[in-house]
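Data block below; observations after.
The values are calculated or read from the model by the stated rules, or taken from the named source; none is laboratory data. Model, not experiment: these values are computed from the prediction. Cβ placement follows ideal geometry from the backbone for every residue including glycine, while neighbour counts extend to all protein chains displayed.
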Amino acid sequence: MDTDFVIRTLTCSDAHRVAELNAQLGYDADVQQIRVRLDRLGRDAAHHVIGVEGPGGLVAFAHFFERPSIEKGFDMVVQSLGADNALRGSGIGRLLMERIEHVARSKNCDTVALSSQASRTDASEFYKRLGYELSATSNLFLKRLV
């Protein structure tokens, strides 16, 4: 991994690049929507939005948050993690996950949890290489409020 990469907190000024990286993952959100989300998440101490900055700009991002629960204890949940397709396999994802695990330990979390679409076998293999195990399968229910 290139030592020119640094992890930093994301700001609203990163919205354009985060939207591009998000689109590479198959999620469409315009720059204004991303800007609003970064602003809201950035003001919530339980949520963390970080990115990997390289010589050419932002190349990856992650959003993770603390989830306390009665039944499972205290998790750090990785909501999203995305790296530029051109740089996959370079160690950037591992760098982000190491930072997430460090933050989780510092917050006395019991586990780091995440979901990955079953169809994304590359992502599943990545997490397995980092020591993550498939612990459950479930149905996700949503009710649109807007």
### Query
Restricting the first residue to segment 90-105 and requiring it to be over 9 Å from Met76 (Cα atoms), which pairs with a second residue that is at pLDDT below 95 and assigned to a loop (DSSP other than H, G, I, E, B) meet a Cβ separation below 7 Å and a spacing of at least six or different chains?
Ser90/Met1; Gly91/Met1; Ile92/Phe5; Leu95/Met1; Leu95/Phe5
#### Entry: Output for segment 105-146, where each listed residue is on the phi > 0 side of the Ramachandran plot and either among the polar types (S, T, N, Q) or surrounded by 10 or more Cβ atoms within 10 Å (Cβ to Cβ) (or both)
Asn108
### Message
So if I check each of Phe65, Phe61, which one is within 14 Å of the chain's Cα centre (by Cα), crowded, with 18+ Cβ neighbours inside 10 Å, modelled with pLDDT of 95 or more and not in a helix (DSSP H, G or I)?
### Response
Phe61
### Query
For segment 89-101, what are the residues that are surrounded by 16 or more Cβ atoms within 10 Å (Cβ to Cβ) and either within 19 Å of Ala45 (Cβ to Cβ) or within 16 Å of the chain's Cα centre (by Cα) (or both)?
Ile92, Gly93, Leu95, Leu96, Met97, Arg99, Ile100, Glu101
### Count of segment 9-39 residues which are within 18 Å of Leu87 (Cα to Cα) and either in a loop (DSSP other than H, G, I, E, B) or not polar (S, T, N, Q) (or both)
8
### Message
If the requirement is being of a type in the set (Phe, Trp, Tyr), touching a helix residue (DSSP H, G or I) at 6+ places or on another chain (Cβ under 9 Å) and within 16 Å of Gln24 (Cβ to Cβ), which of these qualifies: Phe65, Phe61?
### Response
Phe61
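Here are some residues: Gly42, Gly57, Gly73, Gly51. Which one is in contact with a Lys or Arg (Cβ under 7 Å, 6 or more places away or on another chain), of a type outside the set (D, E, K, R) and over 25 Å from Arg120 (Cα atoms)?
Gly57
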### Task
Report yes if Ser124 is at pLDDT 90 or above and not in a loop (DSSP other than H, G, I, E, B), otherwise no.
yes
